[in-house]
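The values are calculated or read from the model by the stated rules, or taken from the named source; none is laboratory data. Not measured: the values here are computed from a predicted model. Here the Cβ positions follow ideal geometry from the backbone for every residue, glycine too, while neighbour counts run over all protein chains shown.
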Amino acid sequence: MFRRPSPRRLLSLILALGLVAALAGCGQSDSNSAQASNESTSGTQPAKVKAQIGYMPILPDAQLFVNLEDGGIAKAGIDPDLVSFQNGPAMVQALASGQLDIAYFGIGPTMVARSKGANIRVVASNIIQQISVVALGDLAPYFENGDPATAFARFRKGTGHKAKISTFPVGSVPQTVFAYWLKNKLHADPSDVDVIYQGTSQVQQSLLTGAVDGAAILEPVVSIVEKREPKARVVASGAQMFDNQPGAVVAVRESFLKAHPKVVARLVAAHIEATKALQAGKASAIDAVAKHVGGGRLPRDIVATAVDHSKSNFVANPHRIIDSTKRMYQFQRDEGTLKAKLDIDALFDTSFYDQATNKNGASGNDTNGS
């Protein structure tokens, strides 16, 4: 015969069943937490690693800007601490003093930083053949009419003063390429030129105010000057000045490479995708560059023009620039602007690029370079 439980016993049964359910729920929660933890460590959702990233707000660092906006940096597992610089020497000083885990800057300062004891490795290229010589209205005709090799000498004779040419500081890619062009391409007398060393914004201001006669400079300054100064002309482009000239690169501190190889591998993979987006001239890539280049103050049409001019120059493949980096290094040694001995092959670590593209050293022959 069924006997109804007393109210006190009924309450005890309810509490007991509730405890069992709670314990079961806790067990399920612990199981879910463990699964989430396993996923985060297995690479599904990588835990973020703090990294101090140095860069310059210029077009040659465009892949960084694309990856900041398309989530590539986050997906690589990086919590970025961004540090903006106006010139390469300042970045060299930061690296030499132990700052920066990752640096987006020119191959010239990269070699200088390595020579000063910064244990960094180049894991990817950003851009090649980026430097052009822009001549303003008074100087441009001397290149358009007559032998370019004598243009500076004829300008000096015709005006009574040397041509003032602005470029980046000694040891930078623009300065090195300009000096290489004068000596090895034009075979011109360097005494006919007064070179002024400035940062990006100063070079642009000097051109737009007419304080100089021209500049060895990169995009988007070239596009800005051409738009605002109708008589300005590009009198020498990248390939003419230094064929396959190495430009900006991604350099990573060796201690960071060893501590976080998977993070660097994902970063290089994202860098390659950003390069493809820039080569294709995707609107999202242009928007990302416009947000960061020049502090985000440039008109989008100028940025779009600069990206369009540079499409074929965006190259992620580090193999493409090893030989030309050796040539640049030897030129700087001969000129005395880089005195330290460097093993250029040891400066590069192409394994991350090769892993991302499933290629070996033969990838250096890739023409698209992405």
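Which residue pairs have Cβ atoms closer than 9 Å, lie 6 or more positions apart in sequence or on different chains, and pair a first residue in region 73-85 that is without any contact (Cβ under 8 Å) to a residue 40 or more places away in the chain with a second residue that is of a type in the set (Asp, Glu) and surrounded by 15 or more Cβ atoms within 10 Å (Cβ to Cβ)? Pairs that qualify, where the first residue is without any contact (Cβ under 8 Å) to a residue 40 or more places away in the chain and the partner is of a type in the set (Asp, Glu) and surrounded by 15 or more Cβ atoms within 10 Å (Cβ to Cβ), are Asp81/Asp101. Does Leu95 count as crowded, with 24+ Cβ neighbours inside 10 Å and over 11 Å from Ala248 (Cβ atoms)? Here the answer is yes, as Leu95 does meet what is asked.
Residues being assigned to a helix (DSSP H, G or I) and closer than 19 Å to Gln332 by Cβ: count how many of those fall in region 110-146. Within region 110-146, residues that are assigned to a helix (DSSP H, G or I) and closer than 19 Å to Gln332 by Cβ number 6. Any idea which residue in region 323-336 is surrounded by the fewest Cβ atoms within 10 Å (Cβ to Cβ), counting only those that are in contact with a helix residue (DSSP H, G or I) (Cβ under 7 Å, 6 or more places away or on another chain) and not acidic (Asp, Glu)? Of everything passing the filter in region 323-336, Lys326 is surrounded by the fewest Cβ atoms within 10 Å (Cβ to Cβ).
Listed by first and then second residue, the pairs linking a residue in region 149-177 that is more than 24 Å from Thr200 (Cβ to Cβ) to a residue that is of a type in the set (D, E, K, R) and in a loop (DSSP other than H, G, I, E, B), with Cβ atoms under 6 Å apart and 6 or more places separating them unless they lie on different chains, are Arg156/Lys162.
For region 308-322, the set of residues classified as touching a helix residue (DSSP H, G or I) at 6+ places or on another chain (Cβ under 8 Å) and part of a helix (DSSP H, G or I) consists of His309, Ser310, Lys311, Ser312, Asn313, Pro318, His319, Arg320, Ile321, Ile322, listed by residue number. Scanning region 46-86 for residues that are within 13 Å of Ile286 (Cα to Cα) and either part of a strand (DSSP E or B) or among the charged types (D, E, K, R) (or both), we see that the one that is nearest to the chain's Cα centre (by Cα) is Asp61.
Taking the stated definitions as given, is Arg121 out of contact with any His (no Cβ under 7 Å at 6 or more places or on another chain), within 29 Å of Phe256 (Cβ to Cβ) and among the basic types (Lys, Arg)? Don't jump to the end; show me each part of the working.
Details: out of contact with any His (no Cβ under 7 Å at 6 or more places or on another chain): yes; within 29 Å of Phe256 (Cβ to Cβ): yes; among the basic types (Lys, Arg): yes.
Judged against the criteria, Arg121 is a match.
Whether a residue is closer than 23 Å to Ile322 by Cβ, at pLDDT 95 or above, surrounded by fewer than 24 Cβ atoms within 10 Å (Cβ to Cβ) and not aliphatic (A, V, I, L, M) was assessed, and Arg121 passes this test.
Per-residue answers, yes or no, for (1) acidic (Asp, Glu); (2) at pLDDT 95 or above; (3) within 16 Å of Arg121 (Cα to Cα):
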| position | (1), (2), (3) |
| --- | --- |
| Ile322 | no, yes, yes |
| Met328 | no, yes, no |
| Glu335 | yes, no, no |
| Lys339 | no, no, no |
| Ala346 | no, yes, yes |
| Asp349 | yes, yes, yes |
| Ala356 | no, yes, no |
| Gly361 | no, no, no |
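Against the numbered list (1) surrounded by 19 or more Cβ atoms within 10 Å (Cβ to Cβ); (2) more than 11 Å from Pro246 (Cα to Cα), Asn313 comes up short only at (2). Does Ala270 fit the bill of being among the small types (Gly, Ala, Ser), under 23 Å from Ile127 (Cβ atoms), touching a Lys or Arg at 6+ places or on another chain (Cβ under 7 Å) and assigned to a helix (DSSP H, G or I)? Answer is yes for this residue. Cβ-Cβ distances below 8 Å connect the following pairs, each with a first residue in region 87-108 that is in the same structural domain as Ile120 (by TED's automatic domain parsing) and part of a loop (DSSP other than H, G, I, E, B), a second residue that is crowded, with 24+ Cβ neighbours inside 10 Å and among the hydroxyl-bearing types (Ser, Thr, Tyr), and a separation of six or more residues or different chains: Asn87/Ser172. Here Gly137 does not fit the description of being in the same structural domain as Gly296 (by TED's automatic domain parsing), of a type in the set (Gly, Ala, Ser) and within 27 Å of Ser201 (Cα to Cα).
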